[in-house]
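Worksheet: one structure, shown below.
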Amino acid sequence: MSIRKIIDKIRLSRDLIRRRIGIVLFDNKNSGEVDFNQLKRIVIFRLDAKIGDSIVSSFVYRGFKRRFPNVIIDVITTTEMSDMYKSYFDVDNVYLSKKRPGYSEIAKIADKVAGADLVVHFSKSLKMKDLFFLKRLNGKAVAGLDDEVNLVNIKLGNKTKDQHFSYKYKALLEYYNITDFDESYVIPNSKKCYAEVASELNLAEDNLIVINPFGSGTPRKLSKQKLQELISRIRSLELGVKIAFTVSPAEKSIIEELVEGNSDVCLLLDSCHSIYHAIALISMADLVISVDTSMVHIASGLNKKLIALYNPDMNNYNEWAPKSDQFEVIFSKENHINGVEIDKVVAGVELLMAAK
């Protein structure tokens, strides 16, 4: 067994012990009454700081506001995600927290928003600090996916098991008899970022393919060799396209080398340095090729032609599949995205670029 696996096993055991202690200390049965006809205040946890999760669940705020126009929606999230919630999602207040807050910070935040009509915490397995947070919040109703916890009295775990992650929020709206709502994702649109990207892109008559080659964790990162093969094969199709990339600063050097060797086709934009610039770039694309990460959901929300690359984990895929009108999914033959067959990707490019 590798050192990495040993460490992960130790951490899992530690978390399980802490969870058991948390259940003993904080998990009292929630006797609050669920009022289906009135919601005055909702508190929603978004401490994971994940863009994809936020995009996939973005319609829920609009759904609640449609049914309860005067409801106050508070979101607890991290500094990195605060602007997106403040500027683009239909929430009233954003409370900032560290991704892993201490108990004193938890208490301070909880006391500011305690006593809400509904608290939403969609972690599948609530940890000790989560239980402390929920106990301190003292919500009349708590919606969650961890059905074993007594504090959760709107239990959606088994009900939404193996469903797409967006369905879990849909199920919550339906629980409150909200059925007439728009399920489309809210995609943040910065006019300033769009103008900056458009100015640098200068496409003229060329079509644009955007490639997002790197996800979180090594198993979701295409290798330089695989990318070079993909670029060469796309070039051979002679489609009259430019290829641009969404990439983090940490991995920019890999793309710089590829672009230098294919400067007539490939572009690495200096202006594309924030999530809003990446969204602007994708909005201009004729086709997006992305590993399993937030860009899949952004492309889906913009209804772009999409080739999505996934590892062969069907539980993950069922929860995080693309949702758009025109997409191809290609699964890796290995538990690493570099097991993807480039022939299949190229065939998908030909098919989708030919579609009107």
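The table below gives the values:
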| quantity | calculated |
| --- | --- |
| Residue that is most open to solvent (accessible area, probe 1.4 Å), among those in the range 181-228 that are in a loop (DSSP other than H, G, I, E, B) and of a type in the set (S, T, N, Q) | Asn202 |
| Output for the range 229-261, where each listed residue is of a type in the set (A, V, I, L, M, F, W, C), loosely packed, with under 14 Cβ neighbours inside 10 Å and under 21 Å from Ser283 (Cα atoms) | none |
| Residues of the range 229-248 classified as over 20 Å from Val296 (Cα atoms) and either assigned to a loop (DSSP other than H, G, I, E, B) or of a type in the set (S, T, N, Q) (or both), total | 6 |
| Residue in the range 45-60 that is more than 21 Å from Tyr167 (Cβ to Cβ) and either open to solvent by less than 70 Å² (accessible area, probe 1.4 Å) or modelled with pLDDT of 95 or more (or both) present | yes |
| Pairs where the first residue, in the range 331-344, is in contact (Cβ under 8 Å) with a residue 40 or more places away in the chain and the second is in a loop (DSSP other than H, G, I, E, B) and surrounded by fewer than 18 Cβ atoms within 10 Å (Cβ to Cβ), C-beta under 8 Å, 6+ apart | Asn335/Pro312; Asn335/Asp313; Asn338/Ser223; Val340/Lys333 |
| Number of the condition not met by Ser271 [criteria: (1) part of a loop (DSSP other than H, G, I, E, B); (2) open to solvent by 40 Å² or more (accessible area, probe 1.4 Å)] | (2) |
| Unique residue being open to solvent by 60 Å² or more (accessible area, probe 1.4 Å), of a type in the set (Val, Ile, Thr) and at pLDDT 90 or above when the list is Ile17, Ile109 | Ile17 |
| Residue within the range 22-33 that is within 29 Å of Trp320 (Cα to Cα) and open to solvent by less than 30 Å² (accessible area, probe 1.4 Å) present | no |
| Residue under evaluation Ile178, criteria (1) without any contact (Cβ under 8 Å) to a residue 24 or more places away in the chain; (2) closer than 30 Å to Ser31 by Cα; (3) in a loop (DSSP other than H, G, I, E, B); (4) of a type in the set (A, V, I, L, M), criterion not met | (1) |
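So that you can scan it fast, the table gives a plain yes or no per residue for (1) farther than 23 Å from Arg235 by Cβ; (2) surrounded by 18 or more Cβ atoms within 10 Å (Cβ to Cβ):
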| residue | (1), (2) |
| --- | --- |
| Met295 | no, yes |
| Ile298 | yes, yes |
| Asn303 | yes, no |
| Ala308 | no, yes |
| Met314 | yes, no |
| Trp320 | yes, yes |
| Asp325 | yes, no |
| Glu334 | yes, no |
| Val349 | no, yes |
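The values are calculated or read from the model by the stated rules, or taken from the named source; none is laboratory data. Small disclaimer: the values here were computed from a predicted structure and weren't measured. Every residue, glycine as well, gets a Cβ built from its backbone with ideal geometry; the counts of neighbours run over all protein chains shown. Calculation scope for accessible area: heavy atoms of the full protein, side chains included, ligands and nucleic acids excluded. Shrake-Rupley method; radii C 1.70, N 1.55, O 1.52, S 1.80 Å.
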